[in-house]
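J.: One structure is given below, represented as structure tokens, and several questions about it will come after.
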Amino acid sequence: MPPRPSTRAHAFGTAVGVGQSLSKVMPSTYNDPDIAAPDLTVRDYRPDRYRIDVTRQAADEITACEQHLQTLADAYGTDSDRYRSALASWHRHLAGLFSTSRGAETSVQRDGPLSLYVTASSGFVYGVIFHGEQRRCTAPGCPAVADDDPQHPTAVIWRPAPTAASVLDHEHQPSYPAGAPQPGIWSAHS
């Protein structure tokens, strides 16, 4: 049974709003020992139990995400911005799976490499998606981007960026080495 409208309003902070409005017009003290102190306890309307249903493929993908973080740490170091931004974004969304603000039940499925598809009992649906950094040339004025060469794991194939017509003829300087794990961050999209 859904909560009564008055309890739903209370859950969304109506008591705080009314209290703030009253604090502007009421005196700061009122000395009357015969008046009982009001019960100001705030009820917690979140469910007592929370259920997360994770498919086997989603569990494997969560493990793959953690392994990707470890390879980033090994390749770039735990003090690198690449590792820290990836770690912070992944763990923020992983912890968000335990939020009861979206209902008492959540279903988690795999949604592709390093990505998840999340459905909450409230009807809220979103994806936790990995956005890998495109390898690009860091030489000033060079608009080239690179793809890994499937024939040679430590080589890349340079091509013009989507907004550029040509690639400068020089020794390209990749933003991260060929064969290194792809840096990036996770974000949530509904």
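J.: Calculate one ³J(HN,Hα) per residue across region 168-181 by plugging θ = phi - 60° into the Karplus curve 6.51 cos²θ - 1.76 cosθ + 1.60, and present them in order as whole Hz with x for glycine and proline.
T.: The phi angles translate into 5, 8, 6, 6, 6, 10, x, 5, 8, x, 5, x, 7, x Hz.
J.: Rounded, prolate or oblate: which fits region 1-155, taking a ≥ b ≥ c as square roots of the Cα gyration tensor eigenvalues, rounded meaning a/c under 1.5, else prolate when a/b beats b/c?
T.: prolate
J.: Long-range amide H contacts for ALA104: which residues qualify at under 5 Å (H placed 1.01 Å from N, peptide plane, sequence gap of 5 or more or a different chain)?
T.: SER121
J.: On to the next question. Could you sort the peptides 182-189, 168-175 by per-residue average Cβ neighbour count (10 Å cutoff), highest mean leading? Can you show the working numbers first?
T.: Numbers: 182-189: 17.1, 168-175: 12.6.
Top to bottom by mean Cβ count within 10 Å: 182-189, 168-175.
J.: Now for a different question. Quick test of your reading: applying the under-4.7 Å Cβ rule, which cysteines of the chain are isolated?
T.: CYS65
J.: Additional query: No solvent, one uniform scatterer per C-alpha: report log10 I(q)/I(0) for region 79-142 via the Debye equation at q = 0.16 1/Å, two decimals.
T.: These q points yield log10 I(q)/I(0) values of -0.65.
J.: So, one more: Quickly rank 153-161, 136-144 as a protection proxy: mean count of other C-beta atoms within 10 Å, highest first.
T.: On the way: 153-161: 13.2, 136-144: 15.2.
Descending mean neighbour count gives 136-144, 153-161.
J.: Tell me, what is the per residue accessible area of region 63-171 in Å², probe radius 1.4 Å?
T.: Numbers: 6290 Å² over 109 residues.
That works out to 58 Å² per residue.
J.: Taking θ as phi - 60°, what are the ³J(HN,Hα) couplings along region 125-131 by the Karplus curve (6.51, -1.76, 1.60), each to the nearest whole Hz, with x for Gly and Pro?
T.: 10, 8, x, 9, 10, 7, 10
J.: Counting only DSSP beta bridges with both residues in the chain, what percent are antiparallel, rounded to the nearest 5?
T.: The antiparallel proportion sits near 85 percent.
J.: Follow-up question, since we're still on this one. Rounded, prolate or oblate, given the Cα gyration tensor of region 29-103, with a/c below 1.5 counting as rounded?
T.: oblate
J.: Search the structure for amide H atoms under 5 Å from the amide H of ALA139, placed 1.01 Å from N in the peptide plane, and list their residues when 5 or more places away or on another chain.
T.: The answer is GLN173.
The values are calculated or read from the model by the stated rules, or taken from the named source; none is laboratory data. Keep in mind that what you see is a predicted model, and the values were worked out from it rather than measured. FYI the Cβ positions are ideal-geometry reconstructions off the backbone, even for glycines, and counts take in every protein chain you see. Protein only, heavy atoms only, side chains kept; ligands, DNA and RNA dropped before computing areas. Shrake-Rupley method; radii C 1.70, N 1.55, O 1.52, S 1.80 Å.
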